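The values are calculated or read from the model by the stated rules, or taken from the named source; none is laboratory data. All values derive from a computational prediction rather than experimental measurement. In this analysis, Cβ positions are derived from the backbone assuming ideal geometry, glycine residues included, and neighbour counts consider all displayed protein chains.
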Amino acid sequence: MSLLTACRACGGPPPQPFLDLGLLPFANALPRTPSGGEPRHPLVVGFCDRCTLVQLVHGLPSEAVFDADYPYFSSYSEGLVAHARAHVDGLVESRGLDSGSLVVEIASNDGYLLQHVLRHGVQALGVEPTPGPAAAARERGVPTVAEFFGSAQAAALVEEHGQADVVVANNVLAHVPDPADFVRGLAALVRSDGLVTIENPSVGSLLAHAEWDTIYHEHMSYLSTLSVAALAEAAGLRLVHVEPFPALHGGTLRWHLAHRGTPSPEATAQLAAERAQGLHRFETYAAFDAVVRGSQAGLRALLDDLREGGARIAAYGAAAKGATLLGACGIDVGTIDFVVDRNTWKQGRFLPGTGIPVEPVEALVEHQPSHTLLLAWNVADEVVRQQAGYLAAGGHFLVPVPEARVLA
Ligand SMILES: [Zn+2]
């Protein structure tokens, strides 16, 4: 990996580093052996004071991290499927979509969202580069093109399918190496009177709640309304609305972009709130380094104290943020015995760089560890509800951020 020579978004000077999480393996490449010998790469975050985009300061080809083994299937999260259904129902209603309309989703995964579009009798097209999820989407009847997305692919899609009434891009803009080209593609793909919606956890929430474990190599940009508005403008789109989802992935924003229109009062208020938080200033990000160091020290101290007191500790959720959290803190299988995950693709593998084996969720009740660290804290409520048996038998859940603590 090499240092960027220019900002990913505006092409200006390279981003100024403010947080170094050390050398870590790719968080989503779960090895089949515990070796811990996976290649490690620097994980350093920087800020562009020209366009305000927070981004990794090293370049990385997207093919390097999204391989055919990519283990994430979004339909595994019940909350996410319900959120997607509500989004589609709202779009069909507000945009008056019918059988003559086309909704395209970029990074459509296994069709978790577009299945609801089809249910309304509206045409759907998915664009999904990873073969496993793309095949799963086609199996449930969602037409899906297996490719990465950018301005070149957008032109080809328009040629074959025409322009879209709505383009949805959830949790993908932050993962592409060239966000400017991606947004130019969105602009080309959507009709002149159409709508683009982009959803992603916001860097404002990341800072406010010390969600530093959401930083990993695959997550190349950390978006704010300010930086999304700049990206949109450069591509000939405008920010027209913002919807907040404070409970989703630790604080998600949905940005609405269009070729015409003016910012809604909500969009204007969000831009003002982000300036008040200092998201347009390097100093705000520079101060975050101390917050992260404190969070890491607190987690290590809590786990060490519990172990010394005889606790047996497991973890819940073999997600990317768990690999960042444990890897950056130097926590491995010597502290955490195993991690459970509902995703069968992950079971039998190991959390990268830690030697911690991934087991089925049933292992919690089977082995009844005294404490379970919720690496997937974004679905904490759902997990705690599902694991009533584990709690009733005397188990406890821990959350790692913003400060490590016993939850229940
Ligand atoms: Zn920039």
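Brief remarks on what is shown
- In the set (1) touching a His at 6+ places or on another chain (Cβ under 9 Å); (2) surrounded by fewer than 17 Cβ atoms within 10 Å (Cβ to Cβ), the condition left unmet by residue 348 is number (1).
- Hey, residue 229 part of a helix (DSSP H, G or I), buried (at least 16 other Cβ atoms within 10 Å of the Cβ) and within 16 Å of the ligand (Cβ to nearest atom) or not: yes
- Any chance residue 117 is touching a residue at least 40 places away in the same chain (Cβ under 8 Å), β-branched (Val, Ile, Thr) and surrounded by 15 or more Cβ atoms within 10 Å (Cβ to Cβ): no
- If only residues of segment 11-38 that are assigned to a loop (DSSP other than H, G, I, E, B) and within 22 Å of the chain's Cα centre (by Cα) are counted, the one that is modelled with the highest pLDDT is 15.
- Scanning segment 3-41 for residues that are without any contact (Cβ under 8 Å) to a residue 60 or more places away in the chain, within 16 Å of the ligand (Cβ to nearest atom) and out of contact with any His (no Cβ under 8 Å at 6 or more places or on another chain) yields a total of 8.
- Residue satisfying all of: in segment 197-226; assigned to a loop (DSSP other than H, G, I, E, B) and charged (D, E, K, R); farthest from residue 113 (Cα to Cα) among these: 211
- For segment 42-52, filtered to residues that are surrounded by 21 or more Cβ atoms within 10 Å (Cβ to Cβ) and within 16 Å of the ligand (Cβ to nearest atom), the residue that is nearest to the chain's Cα centre (by Cα) is 45.
- Residue list for segment 132-184, restricted to those being acidic (Asp, Glu) and buried (at least 22 other Cβ atoms within 10 Å of the Cβ): 165
- Segment 86-139, subset among the aliphatic types (A, V, I, L, M) and in a loop (DSSP other than H, G, I, E, B), residue nearest to residue 243 (Cα to Cα): 113
- Residue 216 vs. criteria touching a residue at least 40 places away in the same chain (Cβ under 8 Å) and within 16 Å of the ligand (Cβ to nearest atom): no
- Any hit, segment 401-408, residues being part of a helix (DSSP H, G or I), out of contact with any strand residue (DSSP E or B) (no Cβ under 6 Å at 6 or more places or on another chain) and either under 21 Å from residue 213 (Cβ atoms) or among the charged types (D, E, K, R) (or both): no
- Among (1) farther than 14 Å from residue 209 by Cβ; (2) out of contact with any Pro (no Cβ under 7 Å at 6 or more places or on another chain); (3) surrounded by 14 or more Cβ atoms within 10 Å (Cβ to Cβ), the one test that residue 373 misses: (2)
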